[in-house]
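The values are calculated or read from the model by the stated rules, or taken from the named source; none is laboratory data. What you are looking at is a predicted structure, and each value in this text was computed from that prediction instead of being measured. Glycine gets a Cβ as well: all are built from the backbone with ideal geometry, and neighbour counts include every protein chain shown.
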Amino acid sequence: MSLQEGIASVRQRIAQACQRAGRPAPSVTLVAVTKQVPVEAIRGAIALGLTELGENRVQDARDKQLALGSGLRAVGPGPRALSPQPVRWHLIGHLQRNKAKSAVELFEVIHAVDSLPLIEELSRHTQQRERRLDALVQVNVSGEATKHGCPPDEAQRLAEAILAARSLSWRGLMTIAPLSADPEQARPHFRRLRELRDALSATLGVDRAALRLSMGMSQDFEVAIEEGADLVRIGTAIFGAREDHA
């Protein structure tokens, strides 16, 4: 399957899942996961209209942005070439505190905020650069020891810390469901994240429509959309199989 066919197939599946859920297709943002994807394939994806790109590691994003030479909106001081289609880069992998400064320079959305110390670092570096950064709280809904993210009962404390930070914007919650050959196995986890979002919206007085759910990957994004996903992180279904799947 060509890159163009892969993108078209994913968009069609998103539209069909939205139709089943009674949602408009534009309500779901496709984040193309570029982990282990060659620069030329990323360039091709941008040319085909994918403007939301997700990377797992800070250094990989830096290397790819330098290789592309453009494609990232200027989010900090200093000149930067712009592509015909401005791209937003999302950090979707675990972020260590010592990489927070670099992350602030490279990304516009951080999906994996999972601790108070990390929030403090992101807040400090964004204030120093006089810019705002969108942040989602990563929640380990499944409770798997191998996954990052805060326990569900700690999500409110992290959300409150982001809301209190002058240079951060709380944009919702993110989770990764357990890997399974049956997408239906992920449904309870996605539903729980949606219920947590709704509860936090009411408790913290934040408009529910302003809080997005980042959930669903290549193997389960249609179920995630049916359960309320606003951002789906898809790599393999677009770019083909790699060493690690997304």
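Inside region 1-36, can you point out the residues that are free of Cβ contacts under 8 Å to residues at least 24 places away in the same chain and of a type outside the set (A, V, I, L, M)?
SER2, GLU5, ARG11, GLN12, GLN19, GLY22, PRO24, PRO26, listed by residue number.
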Restricting to region 129-177, name every residue that is free of Cβ contacts under 8 Å to residues at least 24 places away in the same chain, of a type in the set (A, V, I, L, M, F, W, C) and outside any helix (DSSP H, G or I). ALA145
Looking at ALA61, ALA32, ALA67, ALA112, which is the one that is hydrophobic (A, V, I, L, M, F, W, C), assigned to a helix (DSSP H, G or I) and modelled with pLDDT of 95 or more? ALA61
Residue count, region 121-156, condition at negative phi and out of contact with any helix residue (DSSP H, G or I) (no Cβ under 7 Å at 6 or more places or on another chain), comes to 17
Taking region 1-29 as the region of interest, how many residues are of a type outside the set (Lys, Arg), assigned to a loop (DSSP other than H, G, I, E, B) and over 22 Å from ILE110 (Cα atoms)? 4
If you go through region 109-122, how many residues are crowded, with 16+ Cβ neighbours inside 10 Å and over 27 Å from ALA229 (Cβ atoms)? 1
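Which of the residues belonging to region 40-58 are of a type outside the set (Gly, Ala, Ser) and either more than 22 Å from MET217 (Cβ to Cβ) or not in a helix (DSSP H, G or I) (or both)?
GLU40, ARG43, LEU48, LEU50, THR51, GLU52, LEU53, GLU55, ASN56, ARG57
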Name every residue in region 202-238 that is surrounded by 13 or more Cβ atoms within 10 Å (Cβ to Cβ) and over 19 Å from VAL28 (Cβ atoms), in order of residue number. LEU204, VAL206
Residue check: is ARG171 crowded, with 16+ Cβ neighbours inside 10 Å and touching a Gly at 6+ places or on another chain (Cβ under 6 Å)? no
